[in-house]
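Colleague: Please read through the structure below; I'll follow up with questions.
The values are calculated or read from the model by the stated rules, or taken from the named source; none is laboratory data. Values in this document were obtained by computation on a predicted structure and should not be read as measured data. Because the Cβ atoms are built from the backbone with ideal geometry, glycine has one as well, and the counts that use them run over all protein chains shown. When the accessible area is computed, the model is the full protein with side chains, heavy atoms only, and any ligands, DNA or RNA have been set aside. Shrake-Rupley method; radii C 1.70, N 1.55, O 1.52, S 1.80 Å.
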Amino acid sequence: MILKDGFFHADPHPGNILICNNTEVALLDYGQVKEMPEDLRLAYANLVIAMADDDLLRTKESLSEFGFKTWSIADNELEELFQLSLRMFDTRLPPGVTVLSPFADDSSLNKVGVESFPEELFSVLRTIQLLRGLTVGMGLRFSCAQQWKPIAEEALLKAGRIKDVKSRRPTRSFLRRLF
């Protein structure tokens, strides 16, 4: 929803998700529906691809594109900025980590400070944090950036921001296509 249209449900906690017949999902309570401006949606699509590809430089460029301003005291600023973006905008946890503490001594927040953050992205940030909580609570290892990469590429392709898509969405199995 975030990447395709920029219009999305920003409160996806278990009380607002209804599992219907088979695998159909219904979203309830539209009090937190948000719309993201087109330029911000495309900048976020670029960030999703950067995170999925572990591309540190593209991550920094993407964050700058949507007005994310930081200061750093880290020697490895690109790596810390990348880690900060993963903690803010992806559900992926570092290997062996089951709980993230933003106030831990080794947290990127202690090395990279955020000076400016687009208000429109706050709901995206909140949505990602809710999704991370759900995945951790269910014992899943899941990266929304890796799952959303094909959708982000499609958004940038349609907008004329990229010419060719290198990765393709995996094809569904024959049985999944039937149902």
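Colleague: Which residues, counting only those in segment 83-117, are without any contact (Cβ under 8 Å) to a residue 12 or more places away in the chain and in contact with a Phe, Trp or Tyr (Cβ under 9 Å, 6 or more places away or on another chain)?
Modeller: Across segment 83-117, the qualifying residue is only Asn110.
Colleague: Name every residue in segment 111-128 that is of a type outside the set (Asp, Glu) and open to solvent by 70 Å² or more (accessible area, probe 1.4 Å), in order of residue number.
Modeller: Phe122, Arg126
Colleague: Asp75 fails exactly one of the following numbered conditions: (1) open to solvent by 70 Å² or more (accessible area, probe 1.4 Å); (2) in contact with a Leu (Cβ under 6 Å, 6 or more places away or on another chain); (3) not in a helix (DSSP H, G or I). What is the number of that condition?
Modeller: The one condition Asp75 does not meet is (2).
Results for (1) in a helix (DSSP H, G or I); (2) surrounded by 15 or more Cβ atoms within 10 Å (Cβ to Cβ); (3) under 17 Å from the mean Cα position of the chain (by Cα); (4) at pLDDT 90 or above, shown as yes or no for each residue.
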site	(1), (2), (3), (4)
Arg92	no, yes, yes, no
Pro95	no, no, no, no
Ile151	yes, yes, yes, yes
Arg168	no, no, no, no
Arg177	yes, no, no, no
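Colleague: Name every residue in segment 129-146 that is under 15 Å from Ala50 (Cβ atoms) and either open to solvent by 10 Å² or more (accessible area, probe 1.4 Å) or assigned to a loop (DSSP other than H, G, I, E, B) (or both), in order of residue number.
Modeller: Those that are under 15 Å from Ala50 (Cβ atoms) and either open to solvent by 10 Å² or more (accessible area, probe 1.4 Å) or assigned to a loop (DSSP other than H, G, I, E, B) (or both): Ser143, Gln146.
Colleague: What residue, among those in segment 26-59 that are of a type outside the set (Asp, Glu), modelled with pLDDT of 95 or more and open to solvent by 10 Å² or more (accessible area, probe 1.4 Å), is nearest to Phe122 (Cα to Cα)?
Modeller: Among them, the one singled out is Asn46.
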